[in-house]
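S.K.: This is the structure, below, for whatever I ask next.
The values are calculated or read from the model by the stated rules, or taken from the named source; none is laboratory data. Model, not experiment: these values are computed from the prediction. Every residue, glycine among them, receives a Cβ derived from its backbone with ideal geometry; neighbour counts consider all protein chains shown.
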Amino acid sequence: MGSRLLPLVLATAALAAGTAGLGGLALWVGLLTVPAAAAATFVAISDTLEGRPALLRAVTGSLALVLVVLASAARQNAPTETGASPLATWALVLALLAYGIPFVVWMLEPMRVPRRTRRQRRLRPAEVDELLSRAA
């Protein structure tokens, strides 16, 4: 199983490098983020297909993968002497938000109120005998 935190850390590093003015480093870290995000997304999708509860992680991972690819493409096609592309920056910010959604849901999960089930009453021995005599 791949690390779920690796794409998050790499996307954060790409965003930090882009905002610090290190466009070349941000490009390479962003390109390195793509296979890590794809691996994490593929693992989440395969877990979902196997019946494990990973649907939210698969959906948000897929969205984040699309955004990371968009950010990498926007950064690659940006002119070299200008600052970071706003599209690349916003795509990485939205990818980080998409990676954060499962964490927020995980934190809010204990707040769910469990449904109470009605407890069935036990049959008395006389009732059991009566049911068995009717069945025979």
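S.K.: Residue pairs, Cβ under 7 Å, 6 or more apart or interchain, first in region 43-58 and acidic (Asp, Glu), second crowded, with 16+ Cβ neighbours inside 10 Å and at pLDDT below 90. List them.
M.R.: Every condition considered, the pairs that remain are Asp47/Ala54.
S.K.: Scan the helices (runs of 4 or more DSSP H) fully inside region 1-76 and keep the ones with 1 or more residues being basic (Lys, Arg) and out of contact with any Cys (no Cβ under 8 Å at 6 or more places or on another chain).
M.R.: 55-76
S.K.: Continuing with the same structure: For region 116-133, state whether one or more residues are surrounded by 10 or more Cβ atoms within 10 Å (Cβ to Cβ) and either in contact with an Asp or Glu (Cβ under 6 Å, 6 or more places away or on another chain) or within 29 Å of Val34 (Cα to Cα) (or both).
M.R.: Within region 116-133 (the criterion being surrounded by 10 or more Cβ atoms within 10 Å (Cβ to Cβ) and either in contact with an Asp or Glu (Cβ under 6 Å, 6 or more places away or on another chain) or within 29 Å of Val34 (Cα to Cα) (or both)), the answer is no, since none of the residues qualifies.
S.K.: Output the residues belonging to region 70-100 that are among the charged types (D, E, K, R) and either out of contact with any helix residue (DSSP H, G or I) (no Cβ under 9 Å at 6 or more places or on another chain) or surrounded by fewer than 18 Cβ atoms within 10 Å (Cβ to Cβ) (or both).
M.R.: Within region 70-100, Glu81 is the sole residue that qualifies.
S.K.: In addition: If you go through region 95-136 one residue at a time, how many are polar (S, T, N, Q) and not in a helix (DSSP H, G or I)?
M.R.: Going through region 95-136 one residue at a time, the tally reaches 2.
S.K.: Only residues that are modelled with pLDDT under 85 and of a type in the set (Ser, Thr, Tyr): list them for region 95-130, please.
M.R.: Matches in region 95-130: Thr117 only.
S.K.: Let me ask you something else. Could you please let me know if Leu27 is modelled with pLDDT of 90 or more and under 17 Å from Ala95 (Cα atoms)?
M.R.: Against the criterion (modelled with pLDDT of 90 or more and under 17 Å from Ala95 (Cα atoms)), Leu27 does not qualify.
S.K.: Report, by residue number, each residue of region 40-59 that is more than 12 Å from the chain's Cα centre (by Cα) and buried (at least 17 other Cβ atoms within 10 Å of the Cβ).
M.R.: Within region 40-59, no residue meets the criteria.
S.K.: Something else: Does Phe103 qualify as being closer than 19 Å to Ser3 by Cβ and exposed (fewer than 13 other Cβ atoms within 10 Å of the Cβ)?
M.R.: Judged against the criteria, Phe103 is a match.
S.K.: Any residue in region 61-69 that is buried (at least 16 other Cβ atoms within 10 Å of the Cβ) and at pLDDT below 90?
M.R.: Scanning region 61-69, I find no residue that is buried (at least 16 other Cβ atoms within 10 Å of the Cβ) and at pLDDT below 90, so the answer is no.
S.K.: Please go through region 1-25 and pick out each residue that is of a type in the set (Gly, Ala, Ser) and in contact (Cβ under 8 Å) with a residue 24 or more places away in the chain.
M.R.: Answer for region 1-25, where residues must be of a type in the set (Gly, Ala, Ser) and in contact (Cβ under 8 Å) with a residue 24 or more places away in the chain: Gly2, Ser3, Ala11, Ala14, Gly18, Gly21, Gly23.
S.K.: While we're here: What number of residues within region 3-35 satisfy the criterion of being surrounded by fewer than 21 Cβ atoms within 10 Å (Cβ to Cβ) and under 13 Å from the mean Cα position of the chain (by Cα)?
M.R.: The number of residues fulfilling the criteria is 4.
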